[in-house]
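Colleague: Please find one structure pasted underneath; my questions will follow.
The values are calculated or read from the model by the stated rules, or taken from the named source; none is laboratory data. These numbers were taken from a predicted model, which means no experiment stands behind them. No Cβ is skipped: glycine too gets one built from the backbone with ideal geometry, and neighbour counts run over all protein chains shown. These accessible areas exclude ligands, DNA and RNA; they are computed on the full protein's heavy atoms, side chains included. Shrake-Rupley method; radii C 1.70, N 1.55, O 1.52, S 1.80 Å.
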Amino acid sequence: FAIRTLSSESKAYVLGSLTDTLPYIKLAPHILEKQIDGLFCTDGMLHYNRKRHQLIYLYYYRNQYILMDTLLNIVHKGNTIDTNRVAKINPVKIQSQSTK
């Protein structure tokens, strides 16, 4: 299985694979390219093309996609027709306060 998950180390999205042998989870943190925060800037959809036996990751907030083989090796990186090359977001951390 190919997965997209949140890395406990980097707190960013990463792609990986699940297998029935050790190690059961193998992450590939080098595939998704962080631009801002590692969450919104790498958010997207992971698909599988059965005919070509390829994985496709399509970023939501920038005009890029990544084609990979089933071992998560990058085959091709490309751009969509969208003109956004950089995710245009500004994440802000809100500090909660207790009031009495």
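Colleague: Please compute the volume of the convex hull spanned by the alpha-carbon atoms of segment 1-43 and report it per residue in Å³.
Modeller: 60
Colleague: How big is the accessible area of His53 in square angstrom, nearest 10, if you roll a 1.4 angstrom probe over the protein chains?
Modeller: 110
Colleague: Would you mind getting me the FRET efficiency between Asp69 and Ser10? Use the beta-carbon distance for r and R0 = 22 Å, nearest 0.05.
Modeller: Details: r = 24 Å, r/R0 = 1.08.
Efficiency, rounded to the nearest 0.05: 0.40.
Colleague: Starting from segment 1-58, pick out the trypsin sites (Lys or Arg not before Pro) whose DSSP state is loop and whose Cβ has at most 12 other Cβ atoms within 10 Å.
Modeller: Loop-located and lightly packed - Lys11, Arg50, Lys51, Arg52.
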